[in-house]
Amino acid sequence: MPAEEIRVAVDIGSRQHRVAIAGPEGRILGEFDLEHNPAGLREFFHRVEAHERDLKLPVVVAMEGFNGHARPLDSQIRRREYRLFNVNNLKLARFKEIFPGPAKSDPIDTRKMLELFQLRDSLPRAKAVLQEVTRSLRRTKSSSV
């Protein structure tokens, strides 16, 4: 049974990020690009919070490319007390080899991250790809989530 949460996947880029949002059953609620600037960050939280209000569920966020260009988005996610997961890029690539899809693209990567969220309770490989950020934003800890 899937966790009752809103899942957000973010593929971090230097100038813009790709975002996909899914409900607890895995249905895509929205996909969009956001600019890496204050207006883009406001738009990100506006969209996520709208789903949070509508569904009345907690939010979890997975980011490929944690730290670096993810700043300040990662710290703002933590400030809102959303659970934050770092996506291990190498393990995500292996996951995509095992469960192939179309060629590499940011929309495909965000959808694969959402699949990982959906599978994390039943597939050991999915668990290994998502590392929950539990304390400092500079540290990640493997999670058995």
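Anything in the range 8-32 that is in contact with a His (Cβ under 7 Å, 6 or more places away or on another chain), in contact (Cβ under 8 Å) with a residue 60 or more places away in the chain and among the charged types (D, E, K, R)? List them, or say none. Passing the criteria: only Asp11.
Taken together, Ser105, Ser75 contain a single residue that is modelled with pLDDT under 65 and within 28 Å of Arg47 (Cα to Cα), which is Ser105. Being more than 21 Å from Glu132 (Cβ to Cβ), under 14 Å from the mean Cα position of the chain (by Cα) and among the charged types (D, E, K, R): is that true of Glu5 here? Spelling it out, it is not the case that Glu5 is more than 21 Å from Glu132 (Cβ to Cβ), under 14 Å from the mean Cα position of the chain (by Cα) and among the charged types (D, E, K, R). Here is the figure for the range 15-31: residues that are farther than 16 Å from Asp74 by Cα and surrounded by fewer than 16 Cβ atoms within 10 Å (Cβ to Cβ) total 5.
The values are calculated or read from the model by the stated rules, or taken from the named source; none is laboratory data. Owing to the predicted nature of the structure, the values given are computational and were not obtained by experimental measurement. We place every Cβ from the backbone using ideal geometry, glycine too, and count neighbours over all the protein chains shown.
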